[in-house]
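Any read-out appearing in this document is the output of simple, stated calculations on the displayed coordinates, not a laboratory observation. Note that the structure is a prediction, hence the values are computed from the model and not measured. Heads up, the Cβs are rebuilt from the backbone with ideal geometry, glycines too, and the neighbour counts pull from every protein chain shown.
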Amino acid sequence: MTVGAPGALGLRARLVLTAFLMLFVELALIRWLGANVLYLAYFSNIVLLGSFLGIGLGFLWVGRSEVQLYRFAPLALTTLVVLVRLLDVKVGIAGDQLIFFGQDTSGPPRWLVLPVVFVAVAVVMACLGEGVARSFQRLSNLDAYQFDLIGSILGVAAFALLSLAQLDPVVWAGATALGLVVAIAPRRPGTIALTIVPLVAFLGVLSVESSEADTVWTPYYKVGVEPTGTSGGVIATVNGIPTWLQEDEPEANPLYQTIYDRLAAEQPGDVLIIGAGSGNDVSLAGLRGADRIDAVEIDPHLLELGRGHPDRPYDDPSVHTHVTDGRAFLEASDERWDMILLALPDSLVLLQGQSSVRLESYLFTEEAVASYREHLADGGVFAMYNYYREPWLIDRYAGTLHEVFGAAPCVDALYGVSSVIVVSEDPASIDCPDGQTFSAASGAPEPATDDHPFPYLRTPSIPSFYLLALGFMLVISLLGVRAAGGPFRRMAPFADLFCMGAAFLLLETKNVVQFALLFGTTWFVNVFVFGGVLISVLLAVALSKRVIIRSTTGLYALLLVGVALNWLIPADALLELDAPPRLVLAVSLAFFPIFVANLVFASRFRDTERSVAAFGANLLGAMVGGMLEYASLLTGYRSLLILVALLYGAAFVLRPRIATSPA
């Protein structure tokens with residue numbers, strides 16, 4: 001069917017709907033699996049890689065077979081959800097080279113579980129991707145791409161709104177089930193049964209989960225609570241991991257009390273608490289006579305739970321709450337405090353999307369510590385505490401403080417590797433017992449930086465379990481591509497599109513972490529980046545439909561200029577700017593190369609005869625780009641731009657030598 005033929009409008013609507021479902025389900029799986037597979041939230045990018053593989057395989061399948069996989073999407077999705085709910089699935093986190101916060105280390109090996117999750121997600125997304133591809137191939141190439149993008153933008157927006165409203169998975173499931181029924185439109189008894197029966201089970205399982213008492217799905221986590229006893233406090237569980245408990249007498253806990261024992265002053269003055277959720281630290285600061293308390297918490301529901309603390313510390317008029325990222329709060333403030341405290345800011349999850357950065361990673365970098373120092377009043381004190389798991393992590397943090405403050409911090413070891421670390425530029429501000437002043441050990445890890453924001457990684461490296469898991473996933477991907485797409489030589493004409501997909505994913509990842517640094521690791525910033533990327537692509541496609549570009553050589557040159565500018569202007573340099581010019585410059589640097597890259601892609605894709613195979617190759621390239629992102633663990637994120645430039649250079653070399661013909 002061609003554009004303008006009878007029924008073309010219905011075809012466009014179907015493409016928008018199926019693309020909407022594809023993005024919506026992808027985001028839902030990232031959130032839901034991370035909450036139900038213990039510790040998978042530390043590896044949510046594996047779900048994203050499986051999604052790219054599955055969608056790519058779905059597109060390749062359409063070019064070789066008339067068997068419709070889309071009708072199996074309800075069954076595949078329901079099977080995955082039911083198995084996860086029935087089985088006690090977890091990811092092993094034992095090891096000392098990369099620290100994961102959690103108590104249960106009994107799970108099966110990561111290098112085994114992660115490929116299994118990868119395959120399971122790929123199967124679901126292959127069915128959904130095939131449905132998109134069936135409509136995609138019946139429209140002109142750029143029309144198909146345009147309506148696919150519109151559906152994707154709507155999918156991102158819809159899931160963001162449901163997350164903001166803190167609605168349960170049964171609502172996500174209801175939207176998915178309704179969309180699948182409309183898209184599949186089953187009429188024969190067999191198809192009706194294949195659609196309706198699994199979806200009833202799907203809704204039933206998630207209805208049971210959503211009815212669990214004292215459970216709320218925030219924009220970041222699945223949060224559960226249980227009472228601590230008769231005090232009225234609660235224990236908060238995040239994605240199945242106990243995170244904090246409210247204490248009715250926090251002053252009796254040495255982990256909290258030691259901080260104030262190290263202060264030379266009798267009262268702490270003005271206090272900033274980052275990670276204030278539970279209310280324990282706010283309560284104790286108030287008891288110790290703080291004049292003003294600024295309490296920062298990234299998750300609104302955790303803050304609401306904190307308001308129920310037995311001491312009701314948030315009812316004190318001297319306490320001011322801020323729902324935002326701690327680093328972003330500091331960068332936006334000119335205030336100075338007498339004490340700044342990092343109070344267990346362990347997110348237990350990665351940034352949404354393709355990155356290896358955790359929500360709290362930018363709180364522990366060398367540049368972050370410099371910001372703490374700059375926001376302290378004369379004689380001010382910085383403190384942090386946690387159960388750090390490994391001695392080398394204590395050495396890293398204490399060494400970073402020593403280097404930035406120019407004074408050795410005081411380190412109190414409590415309960416093994418539970419430690420309180422306190423430092424000030426003025427040694428007279430701290431009362432440190434003999435023998436507890438930090439002394440750097442030989443071989444202590446270097447400070448984490450904004451470019452290499454991995455404080456829990458002992459040395460710049462790619463841990464062996466990642467290499468094993470990625471190796472298995474790459475083999476699985478090659479077998480899947482061969483099965484769905486036929487001989488690899490059939491994809492050879494689209495090698496340039498494959499390289500462009502890999503480069504684009506790396507470029508998008510760089511933008512995700514850059515905006516997280518500049519504006520905070522909040523869910524809103526993530527939605528802004530994903531939405532901005534998709535809108536930039538949509539604008540490029542709209543322009544390409546109206547302007548015929550006969551040669552892409554100039555565009556490639558412009559693209560490399562955009563990548564070079566991102567290299568020459570590091571992200572942390574923008575932190576020196578006020579918020580409005582920082583936003584303008586960050587958006588310009590981030591989205592300019594994305595816009596130009598998609599002008600190149602659209603010009604190449606416009607007249608491709610095998611559109612679904614070409615688009616599938618591009619998606620598979622994006623999956624490989626997601627694997628290459630792990631190189632940031634070794635080199636940092638800025639160096640990814642070198643890979644981006646090399647991949648776009650390879651795409652330029654591999655591009656067809658036939659000029660684009662007029663429409």
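Using a cut-off of 12 Å between beta-carbons, work out the net charge of the residues near T324 (Lys and Arg +1, Asp and Glu -1, T324 not included). Counting the neighbours of T324, the net charge comes to -4.
Using helices alone, what [θ] at 222 nm do you get for the chain, with -39,500 (n - 2.57) per DSSP H run of 4 or more residues, divided over all residues and rounded to the nearest 500?
Details: 21 runs with 356 residues, N = 663.
Taking each H run of at least 4 residues, the total per residue is -18000 deg cm²/dmol.
Putting +1 on Lys and Arg Cβ atoms and -1 on Asp and Glu Cβ atoms, find which of F454, V422, P433 reaches farthest to the positive end of the dipole of the stretch 406-469. Towards the positive end, the residue furthest out is F454.
The loop-placed trypsin sites (Lys or Arg not before Pro) in the stretch 585-663, going by DSSP, that have at most 10 neighbouring Cβ atoms within 10 Å of their Cβ come out as R657.
Note the full-extension length gain between D261 and A441 as 0.36 nm times their separation in residues minus their Cα-Cα distance, in nm to one decimal.
Numbers: separation 180, 0.36 × 180 = 64.80 nm, distance 2.54 nm.
Once the chain is fully extended between D261 and A441, it gains 62.3 nm.
With Cα atoms defining each centre, the stretch 434-472 and the stretch 203-271 are spaced 28 Å apart in the structure.
Using only side-chain charges placed at the Cβ, +1 for Lys and Arg and -1 for Asp and Glu, the dipole size of the stretch 476-549 relative to its Cα centre rounds to 280 debye.
On average, how much area does the Cα convex hull of the stretch 140-273 cover when viewed from any direction, in nm²? The partial results should precede the final answer.
On the way: hull surface 58.7 nm².
The number I arrive at for the stretch 140-273 is 14.7 nm².
Considering only DSSP beta bridges where both residues belong to the chain, give the percentage that are antiparallel (nearest 5). Just about 55 percent of them are antiparallel.
Within a straight-line Cα-Cα reach of under 16 Å, K90 can be paired with the following aspartates and glutamates, leaving aside sequence neighbours fewer than 8 residues apart in one chain: D104.
Computed from Cα atoms, the angle from the helix 110-136 axis to the main principal axis of the chain rounds to 40 degrees. For the stretch 339-399, the Cβ-based charge dipole about the Cα centre amounts to some 160 debye (Lys, Arg positive; Asp, Glu negative; other atoms uncharged). Projecting the Cα atoms of L180, T78, S356 onto the dipole axis of the chain, where Lys and Arg carry +1 and Asp and Glu carry -1 at the beta carbon, places L180 farthest toward the positive end.
Here the translational diffusion coefficient of the stretch 422-493 follows from Stokes-Einstein with Rh set to the Kirkwood radius across Cα pairs; for 4 °C and 1.567 mPa s it amounts to 73 µm²/s.
Taking N as the number of residues in the stretch 504-556, what value does Rg over Cα atoms divided by 2.2 N^0.38 Å take? Could you put the intermediate results ahead of the total?
Details: Rg = 14.2 Å, N = 53, 2.2 N^0.38 = 9.9 Å.
So the Cα radius of gyration is 1.43 times the expected 2.2 N^0.38 Å.
Applying 0.36 nm per residue to the separation of L565 and L245 and subtracting their alpha-carbon distance, the gain on full extension is 110.5 nm. Taking a quarter of the surface of the Cα convex hull of the stretch 172-214 gives a mean projected area of 2.9 nm².
Look at the dipole of the chain built from charges on Cβ: of T553, L565, F524, the Cα furthest out on the positive end belongs to T553.
Treating only the Cβ of Lys, Arg, Asp and Glu as charged (+1, +1, -1, -1), what charge dipole size does the chain show about its Cα centre? Round to the nearest 20 debye. Write out the running numbers ahead of the final one.
Numbers: 39 positive and 59 negative charges, 1079 e Å.
Using only the charged Cβ atoms, the result is roughly 5180 debye.
Need one word for the stretch 295-349: rounded, prolate or oblate. Basis is the Cα gyration tensor (sqrt eigenvalues a ≥ b ≥ c); a/c below 1.5 gives rounded, then a/b vs b/c decides. It is oblate, given that a/c is not under 1.5 and a/b is not larger than b/c. Placing a pseudo-label 7 Å from each Cα along the Cα-to-Cβ vector at F528 and V208 gives an inter-label distance of 4.2 nm. For the chain, taking a cut-off of 4.7 Å between Cβ atoms, the unpaired cysteines are C127, C499. Across the stretch 625-637, coupling constants 3J(HN,Hα) worked out from phi with the 6.51/-1.76/1.60 Karplus curve, θ = phi - 60°, read x, x, 5, 5, 4, 5, 4, 4, 4, 8, 10, x, 7 Hz, and Gly and Pro carry x.
The long axis of helix 189-210 is offset from the longest Cα principal axis of the chain by roughly 10 degrees.
In the neighborhood of A444, defined by Cβ-to-Cβ distances under 15 Å, what is the net charge if each Lys or Arg adds +1 and each Asp or Glu adds -1?
Working: positive: R396, R458; negative: D96, E366, E390, D395, E403, E446.
In short, -4.
Centroid-to-centroid, using Cα positions, the stretch 599-661 and the stretch 127-141 are 21 Å apart.
DSSP beta bridges confined to the stretch 321-427 are antiparallel in about 65 percent of cases. Counting every other Cβ atom within 10 Å of each residue's Cβ, L585, L83 order from fewest to most as L83, L585.
For F601, F524, which order do you get if you count the other beta carbons within 10 Å of each Cβ and list the fewest first?
Values: F601 26, F524 14.
Exposure proxy ranking, most exposed first: F524, F601.
Between the helical axis of 523-546 and the longest alpha-carbon principal axis of the chain there is an angle of about 30 degrees.
Kirkwood Rh over alpha-carbon pairs of the chain, then Stokes-Einstein at 25 °C and 0.890 mPa s: what D in µm² s⁻¹, rounded to an integer? Before the final figure, lay out the partial values.
Details: Rh = 26.1 Å.
Taking Rh from Cα pairs, D becomes 94 µm²/s.
Of T449, T18, the sequence from fewest to most neighbouring Cβ atoms within 10 angstrom is T449, T18. Ignoring aspartates and glutamates fewer than eight residues from K510 along the same chain, the ones with Cα atoms less than 15 angstrom from its Cα are D450, D451, D572, E629.
Each listed q (0.21 Å⁻¹) maps to a log10 I(q)/I(0) for the stretch 327-443 from the Debye sum over equal C-alpha point scatterers, namely -1.26. Bridgeable lysines around K545 (alpha carbons under 24 Å apart, same-chain partners fewer than 8 residues away excluded) are absent.
Starting from the Cα gyration tensor of the stretch 205-283, take the square roots of the eigenvalues, sort them a ≥ b ≥ c, and report rounded, prolate or oblate (rounded when a/c is under 1.5, otherwise prolate if a/b is larger than b/c, else oblate). Because a/c hits 1.5 or more and a/b exceeds b/c, the stretch 205-283 counts as prolate.
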